[in-house]
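Asker: The structure is given below, and queries will be raised subsequently.
The values are calculated or read from the model by the stated rules, or taken from the named source; none is laboratory data. Everything quoted here is computed from the prediction, not taken from an experiment. Every residue, glycine among them, receives a Cβ derived from its backbone with ideal geometry; neighbour counts consider all protein chains shown.
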Amino acid sequence: MFVSASLWALEPDDKAIVGVWLLDGDYEDSSGNDNKGKETGDFKFEKGKFGKAVFAKGGGSIDVKDSDSLLSVKKEMTIAAWFRVDADSDTGPRKNGAYLLEDQSSSEPVKHGFSFRIWTTQGITPGFYGQTELEQKKWYHVAGTYDGKNVEMYVDGKPESKEGALDAGGADWKPQWGGDIHPGSTLQLKFGSEPFTGGIDEIVICNRALDADEIGQLLNGWEDAFAVEPQSKLATTWSRIKSRK
């Protein structure tokens with residue numbers, strides 16, 4: 001279990017939580033915001049990082065209709081998920097014209113790395129293309145955050161900025177940007193226009209930038225992310241989580 005010396009701030013009833021897709025055999029949203037997904041294509045549920053996960057064979061999409069909660073992602077954001085890439089891929093979750101978190105293709109700067117990009121009133125970010133190469137057929141937690149100025153990506157809780165961010169051409173990029181995030185098109189938990197082969201588990205979207213300690217909570221799995229809390233809060237925490245499944 002990942003343990004931080006800092007006080008964790010993320011709680012299951014945090015109003016910043018927009019959607020939580022545990023993918024334990026369905027596309028229900030465990031945040032309570034009713035952002036249920038609908039698949040088009042060949043997907044199956046198999047053993048994931050925690051419980052089950054959704055597995056794709058390349059094509060297809062998992063669409064989530066716009067809602068007030070999804071459209072609340074404007075000033076800041078976080079998107080995070082567990083990924084197991086089983087063959088060369090080129091995508092992940094994307095709200096085209098708003099944000100993406102996806103595996104880099106062979107034509108991008110780091111073939112087995114990930115990228116996090118956002119579209120704002122200032123345009124699309126030149127990066128963030130991460131330099132950490134992820135081994136195929138192994139689970140990794142990847143997250144992207146934007147606080148209105150700083151852009152960060154995490155792999156297994158470690159900030160990618162320490163390795164150096166790249167732009168789309170492979171040059172060094174200072175991970176800073178500005179502007180409000182565009183609403184974009186339909187959120188796709190697996191983007192339909194590009195291939196992904198492998199598993200995706202526990203997708204989380206928030207309308208604020210989680211800090212490193214809060215990202216660390218997610219490494220424990222959603223249902224254990226809040227376990228290290230005062231005993232007086234545990235009963236309330238567990239009842240909220242279970243009521244949203």
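Asker: Considering only the stretch 92-101, I want to know if a residue exists there that is surrounded by fewer than 18 Cβ atoms within 10 Å (Cβ to Cβ) and out of contact with any helix residue (DSSP H, G or I) (no Cβ under 9 Å at 6 or more places or on another chain).
Answerer: Within the stretch 92-101, the subset surrounded by fewer than 18 Cβ atoms within 10 Å (Cβ to Cβ) is 96-97.
Now restrict to residues that are out of contact with any helix residue (DSSP H, G or I) (no Cβ under 9 Å at 6 or more places or on another chain): 96-97.
Yes: the stretch 92-101 contains one or more residues that are surrounded by fewer than 18 Cβ atoms within 10 Å (Cβ to Cβ) and out of contact with any helix residue (DSSP H, G or I) (no Cβ under 9 Å at 6 or more places or on another chain).
Asker: Can I ask one more? Any chance you could count how many residues in the stretch 36-71 are of a type outside the set (Asp, Glu), outside any strand (DSSP E or B) and closer than 24 Å to residue 17 by Cα?
Answerer: First pass over the stretch 36-71, keeping only residues of a type outside the set (Asp, Glu): 36-38, 40-41, 43-45, 47-62, 64-65, 67, 69-71.
The next check asks that each one be outside any strand (DSSP E or B); those that pass are 36, 41, 48-51, 59-60, 65, 67, 69-71.
In the following step, the residues that additionally are closer than 24 Å to residue 17 by Cα were identified as 36, 48-51, 65, 67, 69-71.
Qualifying residue count, the stretch 36-71: 10.
Asker: Could you grab me the full set of residues in the stretch 80-97 that are assigned to a strand (DSSP E or B) and under 22 Å from residue 25 (Cβ atoms)? Spell out how you get there, then give the answer.
Answerer: The initial filter retains those residues of the stretch 80-97 that are assigned to a strand (DSSP E or B), namely 80-85, 94-95.
Listed by number, the residues that qualify are 80, 81, 82, 83, 84, 85.
Asker: Given 10, 23, which one is part of a loop (DSSP other than H, G, I, E, B), modelled with pLDDT under 95 and surrounded by 18 or more Cβ atoms within 10 Å (Cβ to Cβ)? Outline the logic, then answer.
Answerer: Numbers: 23 fails: modelled with pLDDT under 95.
Answer to the selection: 10.
Asker: Go through the stretch 121-223 and tell me which strands (runs of 3 or more DSSP E), entirely inside it, have 2 or more residues that are in contact with a Pro (Cβ under 9 Å, 6 or more places away or on another chain) and among the β-branched types (Val, Ile, Thr). Steps first, please.
Answerer: Values: elements: 139-146, 151-155, 187-190, 196-206.
The strands (runs of 3 or more DSSP E) meeting that bar are 196-206.
Asker: Which condition breaks for residue 157 when tested against (1) buried (at least 22 other Cβ atoms within 10 Å of the Cβ); (2) under 14 Å from the mean Cα position of the chain (by Cα)?
Answerer: With (1) buried (at least 22 other Cβ atoms within 10 Å of the Cβ); (2) under 14 Å from the mean Cα position of the chain (by Cα) applied to residue 157, the lone miss is (1).
Asker: So, in the stretch 177-219, exactly how many residues are closer than 16 Å to residue 10 by Cα and of a type in the set (D, E, K, R)?
Answerer: From the stretch 177-219, those closer than 16 Å to residue 10 by Cα are 202-219; that's our starting set.
Now restrict to residues that are of a type in the set (D, E, K, R): 202, 208, 211, 213-214.
Counting residues in the stretch 177-219 that are closer than 16 Å to residue 10 by Cα and of a type in the set (D, E, K, R) gives 5.
Asker: Here's another thing I want to ask about it. Within the bounds of the stretch 133-150, is there any residue that is within 14 Å of the chain's Cα centre (by Cα), among the acidic types (Asp, Glu) and under 25 Å from residue 10 (Cα atoms)? Break it down stepwise before answering.
Answerer: So in the stretch 133-150, the residues within 14 Å of the chain's Cα centre (by Cα) come out as 139-146.
Filter again for among the acidic types (Asp, Glu), leaving none.
Scanning the stretch 133-150 turns up no residue that is within 14 Å of the chain's Cα centre (by Cα), among the acidic types (Asp, Glu) and under 25 Å from residue 10 (Cα atoms).
Asker: Taking the stretch 91-117 as the search range and keeping residues that are closer than 23 Å to residue 65 by Cβ and more than 11 Å from the chain's Cα centre (by Cα), which one is modelled with the lowest pLDDT?
Answerer: 91
Asker: If you check residue 29 against the conditions, is it part of a loop (DSSP other than H, G, I, E, B) and within 16 Å of residue 188 (Cα to Cα)?
Answerer: Values: part of a loop (DSSP other than H, G, I, E, B): yes; within 16 Å of residue 188 (Cα to Cα): yes.
Yes: the conditions hold for residue 29.
Asker: Which one of these does residue 225 not meet: (1) modelled with pLDDT under 95; (2) buried (at least 18 other Cβ atoms within 10 Å of the Cβ); (3) closer than 24 Å to residue 68 by Cβ?
Answerer: (3)
Asker: What residue, among those in the stretch 119-150 that are among the aliphatic types (A, V, I, L, M) and surrounded by 24 or more Cβ atoms within 10 Å (Cβ to Cβ), is nearest to residue 16 (Cα to Cα)? It would help to see each step written out before you state the result.
Answerer: Taking the stretch 119-150 and keeping what is among the aliphatic types (A, V, I, L, M), we get 124, 134, 142-143.
Still in the list and also surrounded by 24 or more Cβ atoms within 10 Å (Cβ to Cβ): 142-143.
Working: 142: 19, 143: 16 Å.
Selected residue: 143.
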